[in-house]
Amino acid sequence: MAVFVANESGVDTDEVTLTALARFVLDAMKVNPLAELSVMMVEQSAMEELHVRYMGEEGPTDVLAFPQDDAFDPSSPDSGEDDPTLLLGDVVLCPDVARRQAAKAGHSTEHEMHLLCTHGILHLLGYDHAEPDEEREMWAVQSRLLTSWATARAAGAH
């Protein structure tokens, strides 16, 4: 499982831990081990530009997900047999927005970044929250993954 993390935000972030989280989530969701994921952290102005361009909404957002290979099922071990490079997609995070949201929610910026990264990966895997049923399912999976991640970290596994 290849996870590429790039920090272009100017905000000091623990990229090693974010990479470990992304691998943990992909593994827990039984994503094909040949899949590749990119996680990029950008400054607020870049996030706002992406938000306007791709979502048609003003202002910066916290996370955007851009799926790449629509043709492959990320959980299928046979996916991509003809093409060994399986690009799951890109998750774009904005640490400045995450920091504000974390303060409002009363938890650490690191926790917020982990939540947002997990959320973005779930979007790449086809989860959505447009409808109440979808939202309940996505939030339940997200919560389960973050709880498992916290437990694994506390046990020294990550």
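If I ask for residues that are over 14 Å from the mean Cα position of the chain (by Cα) and either charged (D, E, K, R) or open to solvent by less than 50 Å² (accessible area, probe 1.4 Å) (or both), which ones from region 85-107 would you list? Hits for region 85-107 are LEU86, ASP96, VAL97, ARG99, ARG100, ALA102, LYS104.
Restricted to region 88-158, the set of helices (runs of 4 or more DSSP H) holding at least 2 residues that are among the aromatic types (Phe, Trp, Tyr) comprises 132-154. Within region 46-71, the only residue that satisfies the criterion of being among the small types (Gly, Ala, Ser), at pLDDT below 95 and either closer than 21 Å to CYS117 by Cβ or crowded, with 18+ Cβ neighbours inside 10 Å (or both) is GLY59. Modelled with pLDDT under 95 and open to solvent by less than 60 Å² (accessible area, probe 1.4 Å): is that true of PRO74 in this structure? Answer is yes for this residue. Selection within region 1-10: residues that are at pLDDT 95 or above and surrounded by fewer than 18 Cβ atoms within 10 Å (Cβ to Cβ). The member of this set that is nearest to LEU34 (Cα to Cα) is PHE4. When the residues of region 140-151 are filtered to those that are in contact with a helix residue (DSSP H, G or I) (Cβ under 8 Å, 6 or more places away or on another chain) and farther than 20 Å from LEU64 by Cβ, which remaining residue is most open to solvent (accessible area, probe 1.4 Å)? Checked region 140-151; the qualifying residue most open to solvent (accessible area, probe 1.4 Å) is SER148.
Here LYS30 fulfils each of the conditions (1) part of a helix (DSSP H, G or I); (2) open to solvent by 60 Å² or more (accessible area, probe 1.4 Å); (3) within 22 Å of THR151 (Cβ to Cβ) apart from (1). Taken over region 108-139, residues that are surrounded by fewer than 22 Cβ atoms within 10 Å (Cβ to Cβ), touching an Asp or Glu at 6+ places or on another chain (Cβ under 6 Å) and closer than 14 Å to CYS94 by Cα amount to 0.
The values are calculated or read from the model by the stated rules, or taken from the named source; none is laboratory data. What you are looking at is a predicted structure, and each value in this text was computed from that prediction instead of being measured. Ideal geometry is used to build each Cβ from the backbone, glycine not excepted, and the neighbour counts take in all protein chains shown. SASA here: full protein model, heavy atoms, side chains in, ligands and nucleic acids out. Shrake-Rupley method; radii C 1.70, N 1.55, O 1.52, S 1.80 Å.
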